[in-house]
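**Q** Structure in structure tokens, see below.
The values are calculated or read from the model by the stated rules, or taken from the named source; none is laboratory data. Given the structure is predicted, the values throughout are model-derived calculations rather than measurements. Note: ideal-geometry Cβ built from the backbone for every residue, glycine included; neighbour counts use all protein chains shown.
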């Protein structure tokens, strides 16, 4: 099956999401993949073509076309990436797969579908609660963003809630499938082993962690009050933050407050170091205001971390409160649940073990097969 992937940003150093999907399916003999994308990296920074050459060479079994690209912002919309379409988009493909609601790639895919109704187009939604609410409030905004999805032959959403959002916005339910985000469960074996070693160290401190972008949408500021309060009450607590400074002013203010309470910021870490980080952290906090896939939550669960997460989708689709993690509504609840874990370390171990079992359900081997079946289903229609 020949599949064209249209992706605004495809940065192979970001070892997650569509990169993993293409890695798992692209090696199969029954697939021939072509990627058309931009020269922007995962941080939305424009790079020269040579920046990507070494990483792209690892995907020798995939044809990758990186064309000239620019970033721009239309008032009222998120920052976007636009790349010069390659003539390769007009080649014969069995499936055209575009990623992201409102993305430039989604409109290119819609254009190809309008040019030839025989083309089969699949799109990933990536619809957050906040975007859904804005689409409900603005007819024009809704129609613009929803147009490519209406043109597509098939659309997939990460969660049941996202699927319901799409139906409520007017997308036909027959074309929507739920396909969750995937993780590579085996990659976190080292983290799981480190957890066991740490549990046998009776003198160790309990480590609370945050892993993700220093950005308002990800909500790390929600942790400052409960963490500062706990640091003043308990001497056996260590706090670690890691992730890129996506919003410079916000991030700097956040980290000043973090360090003033005795917390540590480790900066951006590689995928290898991320596994070690998760192996050294007992409890990971996911305080996001905006999420679609919440990959960090699943990666942390696969590592055997206890999870404390905001009670919103998709976190509450992964976590059953007090069974494989803890769900919270606000900063006061973050403090109370964190305090409970600090005073009951056996609960950290229990929740982490249960979280590992949950994470197995989201392994890329399984998720990639779900995407593959969706391709075949759309192609046969």
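**Q** Has region 183-198 got at least one residue that is at pLDDT below 95 and more than 20 Å from residue 303 (Cβ to Cβ)?
**A** no
**Q** If you go through region 330-376 one residue at a time, how many are under 30 Å from residue 124 (Cα atoms), out of contact with any strand residue (DSSP E or B) (no Cβ under 8 Å at 6 or more places or on another chain) and not in a helix (DSSP H, G or I)?
**A** 1
**Q** A further question follows. Can you confirm whether residue 107 is out of contact with any strand residue (DSSP E or B) (no Cβ under 7 Å at 6 or more places or on another chain) and modelled with pLDDT of 95 or more?
**A** When the stated conditions are applied, residue 107 passes them.
**Q** Follow-up question, since we're still on this one. crowded, with 19+ Cβ neighbours inside 10 Å and at negative phi - does that describe any residue in region 47-55? It would help to see each step written out before you state the result.
**A** From region 47-55, those crowded, with 19+ Cβ neighbours inside 10 Å are 52; that's our starting set.
Still in the running and at negative phi: 52.
So far as region 47-55 goes, yes, one or more of its residues are crowded, with 19+ Cβ neighbours inside 10 Å and at negative phi.
**Q** Continuing with the same structure: List the helices (runs of 4 or more DSSP H) that sit entirely inside region 126-235 and contain at least 1 residues that are within 28 Å of residue 331 (Cα to Cα).
**A** Passing ranges, in order: 129-137, 160-168, 189-199, 224-233.
**Q** With the structure loaded, tell me whether residue 269 is in the same structural domain as residue 131 (by TED's automatic domain parsing) and either under 30 Å from residue 200 (Cβ atoms) or touching a helix residue (DSSP H, G or I) at 6+ places or on another chain (Cβ under 9 Å) (or both) or whether it fails that test.
**A** no
**Q** Could you check residue 304 against (1) at positive phi; (2) in contact with a strand residue (DSSP E or B) (Cβ under 7 Å, 6 or more places away or on another chain) and say which number it fails?
**A** If we test residue 304 against (1) at positive phi; (2) in contact with a strand residue (DSSP E or B) (Cβ under 7 Å, 6 or more places away or on another chain), just (2) comes out false.
**Q** Something else: Would you please name the residue that is nearest to residue 327 (Cα to Cα), looking only at residues in region 236-285 that are assigned to a helix (DSSP H, G or I) and in contact (Cβ under 8 Å) with a residue 60 or more places away in the chain?
**A** The qualifying residue nearest to residue 327 (Cα to Cα) is 278.
**Q** Sticking with this structure for a sec: Quick check on region 62-85: of everything there that is surrounded by 16 or more Cβ atoms within 10 Å (Cβ to Cβ) and not in a strand (DSSP E or B), which residue is modelled with the lowest pLDDT?
**A** Checked region 62-85; the qualifying residue modelled with the lowest pLDDT is 85.
**Q** Turning to a different aspect of this structure: Among 297, 309, which is without any contact (Cβ under 8 Å) to a residue 40 or more places away in the chain, in a helix (DSSP H, G or I) and in contact with a helix residue (DSSP H, G or I) (Cβ under 6 Å, 6 or more places away or on another chain)? I'd like the intermediate steps shown before the answer.
**A** Working: 309 fails: in a helix (DSSP H, G or I).
Just a single option satisfies the conditions, and that option is 297.
**Q** Determine the pairs where a residue that is without any contact (Cβ under 8 Å) to a residue 12 or more places away in the chain, located within region 147-167, has a partner that is surrounded by fewer than 24 Cβ atoms within 10 Å (Cβ to Cβ) and outside any loop (DSSP other than H, G, I, E, B) with Cβ atoms under 6 Å apart, the partner being 6 or more residues away or on another chain.
**A** Note: pairs meeting the criteria are 167/173.
**Q** Among (1) over 21 Å from residue 191 (Cβ atoms); (2) without any contact (Cβ under 8 Å) to a residue 40 or more places away in the chain, there is one condition residue 325 misses while meeting the rest; what is its number?
**A** The single condition residue 325 does not satisfy is (1).
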